[in-house]
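Take a look at the structure set out below.
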Amino acid sequence: MLQSSTRCYTPVDPIAYPIAMSAVASFAAAIVLVLTTSQHGRFTMDAPGAIQKFHLHPTPRIGGIGIYLALVAASQLMSSLEAKRILDTILLAGIPALVAGLLEDLTKRISVRTRLLATMASGLVAYWMTGVMITHLQVPFVDQLLGWTPIAVLFTIFAIGGIANAINIIDGFHGLASGTATIALLALAGIAALVGDTPLVLTAVILAAAVAGFWLVNFPWGKLFLGDGGAYFAGFALAWLAVLLPMRNPQVSPWASFLVCAYPVIEVLYSIVRRGLRRESPGNPDRHHLHSLVATKLVQPKLRNLHPTLQNSAVSVLMWVCAAAPAVAAVALYQRPIALWFCAGACVLLYHMLYRYLVRL
C-alpha cells in the first residue's frame, strides 16, 4: 500500500513582504522613469554645467517620485499597525517637503528659504499628527528650555528641516545622498532592534529598502537623480525617525540620533559658517563642500585614467566612510551620552582637519 507523504512548507514572514515591495517597487519605478525620459525629459532633466554639478550628461532628477510611490505600496502590505502608523505619518507629513522639492526640480524657481520652510512644515505636520517632539538633549540648561512646549516644537521642526536640507546639500555625486541615507536608516534600525522597538525597526528598514531600490539605478552610472524632491523627502523621513527613536525609547540618548546623521549635519553647519565668514548667502551653491574637495583634490588627480562617471561614483564610496563611522559608533554607544558627546566632537574635529588638508593640496 502506498503511503501518502506530506510536505512541510515554511511560511514567508509577513514582515518580509512590505520590505521586498518597497525595494522592488522603488527599483521598478526608477527604471520606468529612466525609460520614459523622452516623454518627461523636457521638464525633468538636470543639465550639467552649474558650479555645483559634476555630472556630464542631462539626467532626470525625479527619483523621489519612485521612492514615495514604493512606500505607499509597502504601507498597504504592513501587518504591524503601529509600524504602519509611523510610515503613514511620514507619507502624509512628508508631502510639503516632497512637493516643494519636486517644484524646484521641475521649475528651478523655488527659493532655498521656501524649501527650508516646506521641510519645517513637514516636521510641524508630523508633530501635529503625533504630538512627538524633542523634549531633552541631556544638556541641563537646554533641557530646561525644551521643557516648555513651544520651544520644544520649534526646536523639533528646525532640527527636522535642518537634516532634510543636509541630505539635499550632499546630493552631488552618484549614490552619495541615497547611500548616506540608507546607512543612517539602517543604523537607526539597529539601535531600535537593540532596545526592542520592532515597529521602528520595520519602518526604518522599509525606508532603507525604498532608498536602496533607487540607489541601484543611481549608482554607479547616474541614470536617475534623487532630485530635491527625493532628497528632501528622504531627509525628512530620516529626521523624523531620528526624533522618534530617543523619544519612544528613553534609554537611547538623543546624541545617538545626532551621530547617525553626523556627516550631513556637520556638512551643512560647516557650510553655513564657511559662507558666513565670506559674507555669502548660506544658500549659494559652490564647489567647496567636503565631497566636492574630495572629488577635485583627491579622486580626479589620483584616478585620472578612470571614466569620469566612475570617478563621480568613487567620491561617494569614500564619503560613505564618513557617514558609516559615526553611525557605527552611535549603534555601539547609544546608551552612553558622554561617549557620544566625545564622538560628536571628534567627528567635527576630524571633518575640519580633513577639510583643511584638502584645501591645502
Rounded to the nearest Å, the spacing of the alpha-carbon centers of region 324-344 and region 13-34 is 32 Å
Excluding near-sequence neighbours (fewer than 8 apart on one chain), region 16-360 holds lysine pairs with C-alpha atoms under 21 Å apart numbering 5
For Asp46, other-chain or 5+-apart residues with amide H closer than 5 Å (H placed, Pro excluded) are Thr59, Arg61
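Contour minus end-to-end for Tyr17 and Arg287, with contour as 0.36 nm per residue of separation and end-to-end as the Cα-Cα distance?
Numbers: separation 270, 0.36 × 270 = 97.20 nm, distance 4.19 nm.
Result for the pair: 93.0 nm of gain on full extension.
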Quick calc, region 16-360, dipole around Cα centre from Cβ unit charges on Lys, Arg (+) and Asp, Glu (-), nearest 20 debye, gives 980 debye
Inter-part gap, Cα centre of region 263-313 to Cα centre of region 160-233, in whole angstrom, is 20 Å
Sequence order, region 21-33: Karplus ³J(HN,Hα) from phi using 6.51 cos²θ - 1.76 cosθ + 1.60, θ = phi - 60°, Hz rounded, Gly and Pro as x, gives 4, 4, 5, 5, 5, 5, 4, 5, 5, 5, 4, 4, 4
Projected onto the charge dipole of the chain (unit charges on the beta-carbon of Lys, Arg, Asp and Glu, signs +1, +1, -1, -1), the Cα from Val34, Ala23, Met247 with the largest positive-side position is that of Val34
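Can you give the percent of C-alpha pairs in the chain whose distance is more than 39 Å?
14 percent
Gain in length, Met353 to Glu82, computed as 0.36 nm per residue apart minus the alpha-carbon separation, to one decimal in nm?
Values: separation 271, 0.36 × 271 = 97.56 nm, distance 4.34 nm.
In short, 93.2 nm is gained.
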Amide H neighbours of Asn249 at under 5 Å, excluding residues fewer than 5 places away on the same chain, with H built from the backbone geometry, are none
Calc'd 3J(HN,Hα), region 115-123, phi into Karplus 6.51 cos²θ - 1.76 cosθ + 1.60 (θ = phi - 60°), Hz, glycine/Pro = x, comes to 5, 5, 5, 5, 5, 5, 4, 4, x
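Every number here is computed from the coordinates shown, using simple stated rules; none is lab data. Treat the numbers as computed from the prediction; the structure is a model and nothing was measured. Cβ: placed from backbone, ideal geometry, glycine included. Neighbour counts: every protein chain shown.
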